Amino acid sequence: MPRRIDLHTHSTASDGTTPPGDLVVAARAAGLDVVALTDHDTTAGVAAAAAALPAGLTLLPGAEISCFSAGPGGTRISLHLLAYLFDRAEPDFRAARQKVRAHRVTRAERMIERLAADGHAVTWERVTQLAGGTIGRPHVAQALVEQGLVPTVADAFTRDWIGHGGHYYVPKLELDVFAAIPLVRRAGGVPVFAHPKAVRRGPVVGDDVIAAMARCGLAGLEVDHPDHDSPTRAHLRGLAADLGLVVTGSSDFHGGNKPVGLGAETTAEAALESILAQAAGAVPVRPAS
Ligand code: AMP
Ligand code: ZN
Ligand code: FE
Ligand code: FE
């Protein structure tokens, strides 16, 4: 039987609602054989996930890095770069993750200030209680739900609230993806473009940018993602073939913050083998037996 492989999940170390130790147990219960933990801009959950690893499950340590691609006229498109099996202690990439996380704190404070200025009772105290690690908009969204200002977390991601370009939206510091890809490679990691055409989240880059990312050292495209419809997947599969990129599939599990379950999308064995063959910074974690 082929192994079931999910290469993109979030725990309470960023904006998921499941603690990393519970996430690996839930992953095995969901029938997965391999799971990657890819919290936003951090590997803080990896140790707890590794310590709780159930029999039969392999853990790929990773992270999802907040990046941008610069366009004409100073425009910027936000994008997410998954990085697998890098050396977590490598100083340059480590410092970059720290810088992005530190700015996220300032940026969350600004969003809360703007909300408070309009009389919306969201407090910094509550939002930091909700954030157990990398702070993000989902934590602000949870506070908005608690205050009855929006019915669900997803409803906060609109122009009226903190959706892209929204009234209370504040951009975060992001890494230039053409600097981030070599940064990941130099740390021995394998960079994969997360949900490259998730238009629901905001503007996405064109195929020309993806081709340039491939020339810069990108390893793969996350084609099978809940935010891609089937024509988009077919297009991306063709593009990956043209550019010699690995095709991955993943749930982008966030626990209760999103309705998608662990293993809802999966990666083929051959794609995982290719990622493992390119990795030089860390090895997959297997249970203590
Ligand atoms: P941030 O990184 O703080 O800008 O927050 C972005 C994160 O919010 C994404 O990585 C998703 O995890 C989450 N997110 C984005 N759009 C939505 C949505 N429509 N519903 C729920 N969560 C979302
Ligand atoms: Zn997230
Ligand atoms: Fe993402
Ligand atoms: Fe994600």
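Remark: the chain carries 41 Å² of accessible area per residue (probe radius 1.4 Å; ligands, DNA and RNA excluded). Here the relative contact order of the stretch 1-99, from alpha carbon pairs under 8 Å that lie six or more residues apart, stands at 24 percent. Simple rule: put +1 on each Lys or Arg Cβ and -1 on each Asp or Glu Cβ in the chain, find the dipole, and look at V35, I65, P19; the Cα lying farthest toward the positive end is I65.
Between T43 and any residue 5 or more places off or on another chain, the built amide H atoms are never under 5 Å apart. Please give the Cα centre distance for the stretch 76-106 versus the stretch 209-241, rounded to the nearest Å. The two parts, judged by their Cα centres, are 22 Å apart.
A Förster distance of 30 Å, applied to the separation of the beta-carbon atoms of R186 and V25, puts the FRET efficiency at 0.35. Amide H to amide H distances under 5 Å link T248 with L221, E222, V223, D224, where only residues 5 or more positions off or on other chains count and H is placed in the peptide plane.
Ranking D208, D6 from most to least accessible surface, computed with a 1.4 Å probe over the protein chains only, gives D208, D6.
To put it simply, the accessible area of the chain at a 1.4 Å probe is 55 percent carbon and sulfur.
Which of rounded, prolate, oblate describes the stretch 43-139, given a ≥ b ≥ c as roots of the alpha-carbon gyration tensor eigenvalues and a/c under 1.5 marking rounded, otherwise prolate only if a/b is larger than b/c? Oblate is the answer for the stretch 43-139, as a/c is 1.5 or above yet b/c matches or exceeds a/b.
Annotation for A280 and A212: the two label points, set 7 Å from Cα along the Cα-Cβ direction, are 2.6 nm apart. Under the criterion of Cα pairs below 8 Å and six or more residues apart, the relative contact order for the stretch 37-88 equals 36 percent. Computed from the C-alpha gyration tensor, the three semi-axes of the ellipsoid equivalent to the stretch 95-250 are 33, 19, 12 Å, from longest to shortest. Amide hydrogen proximity for R76: with H placed 1.01 Å from N in the peptide plane, the residues at 5 or more positions away or on another chain lying under 5 Å are G71. With a/c under 1.5 counting as rounded, go ahead and sort the stretch 185-289 into rounded, prolate or oblate using the C-alpha gyration tensor (a ≥ b ≥ c being the square roots of the eigenvalues; past the cut-off, prolate if a/b is larger than b/c, else oblate). It comes out oblate by the Cα gyration axes.
Taking all protein chains together and a 1.4 Å probe, the residues W124, W161 rank W124, W161 from largest to smallest accessible area. In plain terms, the chain from A117 to H103 could stretch by 2.9 nm, reckoned as 0.36 nm per residue minus the Cα-Cα distance. Placing +1 on each Lys and Arg Cβ and -1 on each Asp and Glu Cβ, with no other charges, gives the chain a dipole about its Cα centre of roughly 360 debye. In this calculation the C-beta distance from T75 to V199 is compared with R0 = 25 Å, giving a FRET efficiency of 0.95. Take R201: with every protein chain present and a 1.4 Å probe, its accessible area is about 80 Å². Specify whether the C-alpha gyration tensor of the stretch 167-210 places it in the rounded, prolate or oblate class, a ≥ b ≥ c being the square roots of the eigenvalues: rounded for a/c under 1.5, otherwise prolate if a/b is larger than b/c and oblate if not. Oblate, since a/c reaches 1.5 and b/c is not below a/b. Counting only helical runs of four or more DSSP H residues, what would the 222 nm mean residue ellipticity of the chain come to if each run contributes -39,500 (n - 2.57) and the total is spread over all its residues? Result for the chain: -11000 deg cm²/dmol, rounded to the nearest 500. For the stretch 213-271, relative contact order (Cα pairs under 8 Å, six or more residues apart, normalised by length) works out to 35 percent. Max-minus-min Cα coordinates of the chain on each principal axis give 54, 48, 39 Å, with the largest extent listed first. Name the helices (complete DSSP H segments) of the chain with a Cα length along the long axis of 18 Å or more and a Kyte-Doolittle mean of at least -1.0, or state none. Qualifying helices: 91-117, 230-243. Note on W124 and D155: the extension gain reaches 9.1 nm, defined as 0.36 nm multiplied by sequence separation minus the Cα-Cα distance.
The values are calculated or read from the model by the stated rules, or taken from the named source; none is laboratory data. Note that the structure is a prediction, hence the values are computed from the model and not measured. As a convention, Cβ positions derive from the backbone with ideal geometry for all residues, glycine included, and neighbour counts pool all protein chains shown. To get the accessible areas, we keep the full protein, side chains included, count just its heavy atoms, and leave off ligands, DNA and RNA. Shrake-Rupley method; radii C 1.70, N 1.55, O 1.52, S 1.80 Å.
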